[in-house]
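**Student:** Below are the structure tokens for one structure; questions will follow.
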Amino acid sequence: MTVGGAVGQLTRLLALIPWLLQRPGVSIAVAAAEFGITEDQLRSDLGLAFFCGLPGHLPDDLIDVSLEDDRIVVTNADTISRPLRLAPDEAVALLAGLRALADVPSPTGPDVLDRVIAKLERAAGDAADAHRNVTVAIEGAGPSQEALGAALRERRRLALEYYVPARDEVTSREVDPIRLLVVDGHTYLEAWCLLADDLRIFRLDRIQQATVLDTPASARSVPPERSMIFDSEAAPWRVRLAVGKNAEWVQDAYPCDVLATDPELVVELPVADLGWARQLVLRLGGTVRPLAPPELIEAVRRDAEQALGRYRGG
Amino acid sequence: MAAPRTERLLNLVICLLASTRFLTKDQVRRAVPQYADCATDEAFERMFERDKDDLREMGIPLETGSNEVLFDDEIGYRIPRDAYALPEVSFDSQELAVLGVAARMWQHATLAGATGRAIRKLESAGIDVDRDALSVVEPRIDAAEPAFAALWDAVQQRRRVRFEYARGGGTVAERALQPWGLVSWHGRWYVVGHDEDRDDTRVFRLSRVLGEVSPIGPTGSVVVPDGVDISASVRMLARPAPTQLGRLRIAAGRALPLRRLGTVVVEEPDAVVVDVPYDDVEQLASTVTGFGPAVLAISPVELCDAVARRLTSTLRSLAVAGSGEGA
């Protein structure tokens, strides 16, 4: 909702005054930052409220605003001391966000989330009606949801059976969980991996089994936030592919450089594990041709020959 | 100038909230100083009408009625406090922590702004939202598609929209849509609604919406049919309902994503036989071939043929690469 002019200012004042009543003596700077306005704008809002109040408009009827040493104290504003109900867009944004958390393992347990949603729905009333019209689906952890939530809550070590797609195998390892991240609709566990003795990120839907161990997780400081799960700089392989007409989407789907477009599209992809590239080429069944590295070409050939042999009565 | 109008509106809100009885227009005119200054009745009438519209637009519950139902009293106005104010609500410390996570999850300015206003209202009602709590859970939800803000507004206002949409093969078509809702699925946003040109339910990917989304017609004109499950319709349309079963033998510990899609029929010492539902045989064949010799298609014949054909053309393409590139 974008509102300007008098309606915008009034909407802000009706939110500002109850907020200030809760925080007598809050500084102008803090209040302005919280409401995303300049200090001048805040001063003019307050100046305006000062002239308003109950019918009669005698001094006792008016809202009292005192500004001493840039600290705000509002009194005598009982009629508008409670905030206005949630507007529909406010209710929708908050509730849709909360509902998205349902599939993310929670250190508090799922019932807490349900309670918060129920209370807010009740408090929002009609404004909550539309909240199911905005839905964020997050891929969670499935069956290991409980174990992950418990490990985070109790700060304990986890034993993971983790599927590594590039190698197409399940690995066993112990990890000390640090935190959960949600990126592009997938949830990831960031943890200290004792097998690699390094920080690792695990996609939750690839965790086949998670068991909470009795060992407490060793305390480690939370590393700075990451914005990207895949770091192309760190990818050791450069895979070159000739891309046929039916597979041109490949260049949009993965970060890559276009090396040639004529007579055919040739792209180069940074790849962390050749196994991933082998699967991609095999999946695309001849519409993509590996050009380099030779290890990739060999791996594709070996896999395809072996697999095909089984259909020819092998 | 906004300030005198804001002042008048604030006085109006306070006066209507303070009164438990309906106030007649004359009483309102006397109670709000800025109205008392009106030179003529017409000027006041015009001003008051406009102010009522503004309050209602803000979501302030302005009631009309009369105090004496039996007498044909003049119509009056009031704002019932319990309908105006955020109801009393309280949260325990765990619930406050969850609210704190929700407060920081949206990255998009429109949604972050709306969430921020909601959280501030809760805080203004004395609820101490723990904004730094549960730092072990950091969900970030973005909406990078340029069309998001306009479609969010349209869904909130129940307003029809028009936009240009890129179809496969590089063609562009204009669409008129009654938007019902927005869904984020695997990190991508979709809008679900009634496509007026096709007279049917359609799902559009926001990243394929080109240029501006123009609202058409009045707000409130879109009616979401009862029982529509927005997120289910996206899943359904994005992935057609599987109609057939393919039987696969999957080597132990391999091809987990494929194994998850199906039901295990037989457990063997070094493999499992799994029935996987599918709709598009080429799509399943593609997934199967990706795992190389770890997955063998057993039935139906069309699936086995499709897999074998794909493997054959992969090998043929390698022969081309070998002779042409000398790689």
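**Student:** Considering only DSSP beta bridges whose two residues both sit in the protein assembly as shown, what percent are antiparallel, to the nearest 5?
**Tutor:** 90 percent
**Student:** Explain nothing, just compute: Karplus ³J(HN,Hα) = 6.51 cos²θ - 1.76 cosθ + 1.60, θ = phi - 60°, for every residue of region B:8-18 in order, whole Hz, x for Gly and Pro.
**Tutor:** 5, 5, 5, 4, 5, 4, 4, 5, 6, 6, 6
**Student:** Which FRET efficiency value, to the nearest 0.05, is calculated for B:Leu210 and A:Thr38 with the Förster distance at 25 angstrom and r the Cβ-Cβ distance? The partial results should precede the final answer.
**Tutor:** Values: r = 36 Å, r/R0 = 1.46.
The calculated FRET efficiency here is 0.10.
**Student:** Rounded to the nearest 0.05, what FRET efficiency do A:Asp60 and B:Arg140 give with R0 = 41 Å and r taken as the Cβ-Cβ distance? Could you check?
**Tutor:** E between A:Asp60 and B:Arg140, to the nearest 0.05, is 0.25.
**Student:** Right, next: Using only Cα atoms and rounding to the nearest 10 degrees, what angle (0 to 90) does helix B:148-157 make with the longest principal axis of chain B?
**Tutor:** 50 degrees
**Student:** In nm, to one decimal, how far is the B:Ala83 label point from the A:Leu194 one, both placed 7 Å along Cα→Cβ?
**Tutor:** 6.3 nm
**Student:** Could you give the length gained by full extension between A:Asp114 and A:Val258, i.e. 0.36 nm per residue of separation minus their alpha carbon distance, to one decimal place?
**Tutor:** 47.0 nm
**Student:** If you put +1 on each Lys and Arg Cβ and -1 on each Asp and Glu Cβ, how big is the dipole of the protein assembly as shown around its Cα centre, in Debye rounded to 20? Kindly include the intermediate steps, with their values, before the conclusion.
**Tutor:** Details: 72 positive and 95 negative charges, 365 e Å.
About 1760 debye.
**Student:** For a paramagnetic label modelled at 7 Å from the Cα of B:Glu282 toward its Cβ, which residues of region B:165-194 fall within the zone defined by backbone nitrogen distances under 19 Å?
**Tutor:** Only B:167-171 fall inside the zone, counting backbone N under 19 Å.
**Student:** Say each of B:Arg56 and B:Ser93 gets a label point 7 Å from the Cα, pointing the same way as Cα to Cβ; how far apart are those two points in nm?
**Tutor:** Here the answer is 4.8 nm between the modelled labels.
**Student:** List the residues, sorted by chain then number, that are 5 or more residues from A:Gly244 or on another chain and whose placed amide H is less than 5 Å from its amide H.
**Tutor:** A:Val288, A:Arg289
**Student:** Output the Kirkwood hydrodynamic radius of chain A, Cα pairs only, in Å rounded to one decimal.
**Tutor:** Radius from the Kirkwood sum: 25.0 Å.
**Student:** Semi-axes of the equivalent ellipsoid of chain B: what are they in whole Å, largest first, if each equals the square root of 5 times a C-alpha gyration tensor eigenvalue?
**Tutor:** 60, 25, 19
**Student:** Once the piece of chain linking B:Arg46 and B:Glu63 is laid out straight, how much longer is it, given 0.36 nm per residue of separation minus the C-alpha distance between them?
**Tutor:** 4.3 nm
**Student:** Among B:Val172, B:Val101, B:Val203, which one shows the biggest mean-square fluctuation in a GNM of chain B, springs joining Cα atoms closer than 10 Å?
**Tutor:** Largest GNM mean-square fluctuation: B:Val172.
**Student:** Using modelled backbone amide H atoms (1.01 Å from N, in-plane), which distant-in-sequence or interchain residues come within less than 5 Å of B:Ala133's amide H?
**Tutor:** Those qualifying (amide H under 5 Å, at least 5 residues apart or on another chain) number zero.
**Student:** For the Cα atoms of chain A, what angle does the longest principal axis make with the long axis of helix A:294-311, in degrees from 0 to 90, nearest 10?
**Tutor:** Relative to chain A, helix A:294-311 is tipped by roughly 70 degrees.
**Student:** Something else now. Could you list the chymotrypsin sites (Phe, Trp or Tyr not before Pro) in region B:38-91 that lie in coil according to DSSP, counting only those with at most 15 other Cβ atoms within 10 Å of their Cβ? Before the final figure, lay out the partial values.
**Tutor:** Working: sites: B:Phe44, B:Phe48, B:Phe71, B:Tyr77, B:Tyr84, B:Phe91; in loops: B:Phe71, B:Phe91.
Counting only loop positions with at most 15 other Cβ atoms within 10 Å, the chymotrypsin sites (Phe, Trp or Tyr not before Pro) in region B:38-91 are B:Phe71.
**Student:** Exposed loop trypsin sites (Lys or Arg not before Pro) only (DSSP loop, at most 13 other Cβ atoms within 10 Å): please give the longest stretch of chain B free of them, not including the sites.
**Tutor:** Free of exposed loop sites, the longest segment is B:22-166.
**Student:** Just how large is the dipole of region B:87-142 about the Cα centre, in debye to the nearest 20, putting +1 at every Lys and Arg Cβ and -1 at every Asp and Glu Cβ?
**Tutor:** 300 debye
**Student:** Region B:57-107 to region B:154-216: how many Å between their Cα centroids?
**Tutor:** Using only Cα atoms to place each centre, the spacing works out to 33 Å.
**Student:** Here is a follow-up. Which angle from 0 to 90°, rounded to the nearest 10, does the C-alpha axis of helix B:301-325 make with the longest principal axis of chain B?
**Tutor:** Orientation of helix B:301-325: about 80 degrees from the principal axis.
**Student:** Report the Cα centroid-to-centroid distance between region A:243-276 and region B:293-322 in angstrom, as an integer.
**Tutor:** Distance between centres, Cα-based: 21 Å.
**Student:** Can you compute the modelled spin-label distance between B:Arg167 and A:Leu67, with each label point 7 Å from Cα toward Cβ, in nm?
**Tutor:** Output for this residue pair reads 6.0 nm.
**Student:** For B:Asp275 and B:Thr312, what does the FRET efficiency come to when R0 = 41 Å and r is the distance between their Cβ atoms, rounded to the nearest 0.05?
**Tutor:** The value I calculate is 0.95.
All of the numbers you see were taken from the coordinates with simple rules; none came from a lab. Keep in mind it's a predicted model, so treat the numbers as computed, not measured. Note that we place each Cβ from the backbone using ideal geometry, even for glycine, and neighbour counts take in every protein chain shown.
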